[in-house]
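Novice: My structure is below; once you've seen it, I'll send some questions.
The values are calculated or read from the model by the stated rules, or taken from the named source; none is laboratory data. Fair warning: this is a prediction, and the values are worked out from it, not measured in the lab. All Cβ positions, glycine included, derive from the backbone under ideal geometry; neighbour counts span all protein chains shown. Heads up: the accessible areas ignore ligands, DNA and RNA and are worked out on the full protein's heavy atoms, side chains in. Shrake-Rupley method; radii C 1.70, N 1.55, O 1.52, S 1.80 Å.
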Amino acid sequence: MVVLAASIISKSGKALVSRQFVEMSQIRIEGLLAAFPKLVGTGKQHTYVETENVRYVYQPIEALYLLLVTNKQSNILEDLETLRLLSKLVPEYSLSLDEEGVCSAAFELIFSFDEVISLGHKESVTVTQVKQYCEMESHEEKLHKLVLQSKINETKDVMKRKASEIDKSKIEKNRGDKGGFMSISGSGSISSSFSEMGLSSGGGGGFGSGSGFGLGTDIESFSGKSKGRPPASATAPPKGLGMQLGKTQKTNQFLESLKAEGEVILEDVKPSVGLAKAPILPTDPVTLTIEEKISVTLKRDGGLSNFDVQGTLSLQILNQEDGFIQVQIENVEHPGLSFKTHPNINKELFNHEHILGLKDPNRPFPTGQTSDASGAGLMKWRIQGMNEDSVPLTISGNETFVNIEYEASEMFDLQNVVISVPLPALRDPPSVRQVDGEWRYDPRNSLLEWSILLIDNSNRNGSMEFVVPPADSSAFFPINIRFTASNTFSDVKVTNVLPLRGGAPPKFAQRIQLVTENYQVI
């Protein structure tokens, strides 16, 4: 009862990812995988194929095969359960189920396979546990990083203080070198005025007496006007260069004192372009993002208060030569669905052929990064008149036993579901007796968060039961819900990108996502 290898191969037998759990040569595993497509019959619906030596247990994944190679004595039921768990893990780590997506996530897939199968035998784990093990979060590592960051910050502070001290010493040195100007002969009031302005009046007749770059007349006139006045009255700055020098020194001293205290001076702050976080650049020449946001308000006693769906289609192009295109879309006819295109889009072309193109075909679509990470918006839509039957996720509860249940629609497979239940002020965390998924208590905000990583056909219903002290039922509302899904209500999709100047159409990627904007039970 041993799994020999877990592999992902193409329809032609090309090995994309393969993890062997027993000692096996590369030639043997490549031979086994290459022989598999020839054994799979067309038109037959089986999950396994046997040869003289091994058994292949497989499951098609779009254009690929997820394959387990086992010996013939292995338990087929256990192998099917292992295959089912691996089929849930592959979409978690591979962004797209094609050769490029699987090869880019090869190491992550191998690590997840190792968590599921050990020495050829299946481990008792779930998808959530495998993801948690592969993340390898460590409290000690986080603590080490915090200590390291604090040391870096402390070193930066020491550098700033040292730089401030060096700048201050340079200013003091420069001020001492220019002190010869103060030997200009004049009345005592000038000397006292300069002293009050923070300039030393001693030493060294550097510029000679009286003339000083033609400043003798200004100083004498200032000296004559200063006679008979108290020293404090001489603080008004005249137009002479000498007083401007004193003013500059006093200002510098004040700024330096602020710097020494750790203040940031705007004059010294230079824009640091390198510190700005660079946005993640798309890799495909053309990227189209389809996003729908839903706002739902459900009543605790049943019924629907609000249901609104709004969607956008955005375009992002890397090179200008790829901007001469038109985008062909399709969607499901839905009552209450209305589209609104960008003013520069040819509305007549869109209404008749469902093609998004500019009014002027000689102009390309804008290229490069925009303020919005998803690109330039081409079209918006809205669905009105939705009823309660279309709600993706409903919540019900029983205040007596504090039992909360969810029921998910079969329309969507919901991902990263978080149900936040407000609680009354508690001294101790709530006692959770049963939960389908995981839970976390936030004491600061008094919230109990119920997390389900994936809701699909295997868990359309779930519940959580917990115990808290008796409280009014209104203390448990409003319940906030958030989740994502990989398909939308309108089912808007890009089917093709049409080049306007001939040649092969550019390679494009589309990202489809349904997100919650405001989803509550009140």
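Novice: Quick one: is residue 78 open to solvent by 40 Å² or more (accessible area, probe 1.4 Å), assigned to a helix (DSSP H, G or I) and within 18 Å of residue 119 (Cβ to Cβ)?
Specialist: On the way: open to solvent by 40 Å² or more (accessible area, probe 1.4 Å): yes; assigned to a helix (DSSP H, G or I): yes; within 18 Å of residue 119 (Cβ to Cβ): yes.
Against the criterion (open to solvent by 40 Å² or more (accessible area, probe 1.4 Å), assigned to a helix (DSSP H, G or I) and within 18 Å of residue 119 (Cβ to Cβ)), residue 78 qualifies.
Novice: State the number of residues belonging to region 14-38 that are buried (at least 17 other Cβ atoms within 10 Å of the Cβ) and part of a loop (DSSP other than H, G, I, E, B).
Specialist: Number satisfying all stated conditions: 1.
Novice: Would you be able to tell me the number of residues in region 93-143 that are of a type outside the set (Lys, Arg), part of a helix (DSSP H, G or I) and touching a strand residue (DSSP E or B) at 6+ places or on another chain (Cβ under 8 Å)?
Specialist: Adding up the residues that qualify gives 11.
Novice: Which one is modelled with the lowest pLDDT among residues in region 464-483 that are surrounded by 15 or more Cβ atoms within 10 Å (Cβ to Cβ) and β-branched (Val, Ile, Thr)?
Specialist: Residue satisfying both the conditions and the ranking: 468.
Novice: Quick one: in region 55-75, of everything that is over 14 Å from residue 36 (Cβ atoms) and more than 34 Å from the chain's Cα centre (by Cα), which residue is surrounded by the most Cβ atoms within 10 Å (Cβ to Cβ)?
Specialist: If we take residues in region 55-75 being over 14 Å from residue 36 (Cβ atoms) and more than 34 Å from the chain's Cα centre (by Cα), then 74 is surrounded by the most Cβ atoms within 10 Å (Cβ to Cβ).
Novice: Please enumerate the residues belonging to region 296-337 that are in a strand (DSSP E or B), among the small types (Gly, Ala, Ser) and over 30 Å from residue 398 (Cα atoms).
Specialist: Matches in region 296-337: 311, 314.
Novice: Separate question: Might you check whether a residue that is without any contact (Cβ under 8 Å) to a residue 12 or more places away in the chain, farther than 18 Å from residue 496 by Cα and surrounded by fewer than 16 Cβ atoms within 10 Å (Cβ to Cβ) occurs anywhere in region 310-324?
Specialist: There is no residue in region 310-324 that is without any contact (Cβ under 8 Å) to a residue 12 or more places away in the chain, farther than 18 Å from residue 496 by Cα and surrounded by fewer than 16 Cβ atoms within 10 Å (Cβ to Cβ).
Yes/no per residue for (1) open to solvent by less than 90 Å² (accessible area, probe 1.4 Å); (2) more than 28 Å from the chain's Cα centre (by Cα); (3) at pLDDT 85 or above:
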position	(1), (2), (3)
148	yes, no, yes
158	yes, yes, yes
162	no, yes, yes
173	no, yes, no
185	yes, yes, no
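Novice: What's the total number of residues in region 112-122 that are closer than 13 Å to residue 84 by Cα and either of a type in the set (Phe, Trp, Tyr) or open to solvent by 20 Å² or more (accessible area, probe 1.4 Å) (or both)? Even if it seems obvious, please write down each step before you answer.
Specialist: Looking only at region 112-122, we keep the residues that are closer than 13 Å to residue 84 by Cα, and these are 113, 116-117, 122.
From what's left, either of a type in the set (Phe, Trp, Tyr) or open to solvent by 20 Å² or more (accessible area, probe 1.4 Å) (or both): 113, 122.
Number satisfying all stated conditions: 2.
Novice: Then there's this: If I ask for residues that are open to solvent by less than 50 Å² (accessible area, probe 1.4 Å) and in contact (Cβ under 8 Å) with a residue 60 or more places away in the chain, which ones from region 325-356 would you list?
Specialist: Matches in region 325-356: 325, 326, 327, 328, 329, 331, 337, 355.
Novice: Any idea how many residues of region 420-463 are outside any strand (DSSP E or B), surrounded by fewer than 13 Cβ atoms within 10 Å (Cβ to Cβ) and touching a strand residue (DSSP E or B) at 6+ places or on another chain (Cβ under 6 Å)?
Specialist: The number of residues fulfilling the criteria is 0.
Novice: All but one of (1) more than 19 Å from residue 485 (Cβ to Cβ); (2) surrounded by 15 or more Cβ atoms within 10 Å (Cβ to Cβ); (3) at pLDDT 85 or above hold for residue 132; state the number of the condition that does not hold.
Specialist: Failed condition: (3).
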